[in-house]
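Here the structure comes first, spelled out in structure tokens, and everything after it is commentary.
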């Protein structure tokens, strides 16, 4: 077999392994979310997202949680203890792991409708279907309608389902 053919076979094999690992990571991520939801809710919080990355010596599991008024370090610590206990009891993660539970952070995209309410009055960059990106201040949340005001004073109403990405614009 030629070197190129051997290389192509090896690349195909590794690609298959990558896809398998990626599918397994997605499945584990969803199961962690299932474990996390009742733990977060018991603390008055909600789950924004879970991310898993490979790192030297194991996995990094990042759980992003929030509350309608803003999450505290104490909230995150309590949720972390409970989630670590649940992960160890279920033996869901077969390798060593490091667990981080935190707020999503102001620089992260807004993923859930309920995150907008506490950000009324803040300036956003919003990318949404059927229009150019918008830079405007969130004025109101009415059901699934988000009402923004541009610097020119124009009001724009966007249905949450049309938003592709939305981030709070940091003032600096």
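The values are calculated or read from the model by the stated rules, or taken from the named source; none is laboratory data. Quick caveat: nothing in here was measured; it's all calculated off a predicted structure. Quick reminder, even Gly has a Cβ in these numbers, built from the backbone with ideal geometry, and neighbours come from all protein chains shown.
For the range 21-51, give me each residue that is farther than 18 Å from residue 109 by Cβ, surrounded by fewer than 21 Cβ atoms within 10 Å (Cβ to Cβ), free of Cβ contacts under 8 Å to residues at least 40 places away in the same chain and touching a strand residue (DSSP E or B) at 6+ places or on another chain (Cβ under 7 Å).
Matches in the range 21-51: 25, 37.
Could you identify the single residue in 69, 33 that is in the same structural domain as residue 91 (by TED's automatic domain parsing) and in a loop (DSSP other than H, G, I, E, B)?
Residue meeting the stated conditions: 69.
Within the range 67-83, which residues are modelled with pLDDT of 95 or more and either touching a strand residue (DSSP E or B) at 6+ places or on another chain (Cβ under 8 Å) or surrounded by 19 or more Cβ atoms within 10 Å (Cβ to Cβ) (or both)?
75, 76, 77, 79, 80, 83
Out of 164, 110, 158, report the one residue that is at pLDDT 95 or above and surrounded by 15 or more Cβ atoms within 10 Å (Cβ to Cβ).
158
Regarding residue 100, is this residue outside any loop (DSSP other than H, G, I, E, B), out of contact with any helix residue (DSSP H, G or I) (no Cβ under 6 Å at 6 or more places or on another chain), at negative phi and without any contact (Cβ under 8 Å) to a residue 12 or more places away in the chain?
No; evaluated as a whole, the condition is false for this residue.
Could you list, in sequence order, all residues of the range 106-135 that are without any contact (Cβ under 8 Å) to a residue 40 or more places away in the chain and part of a loop (DSSP other than H, G, I, E, B)?
Of everything in the range 106-135, those that are without any contact (Cβ under 8 Å) to a residue 40 or more places away in the chain and part of a loop (DSSP other than H, G, I, E, B) turn out to be 120, 121, 129, 130, 131, 132, 133.
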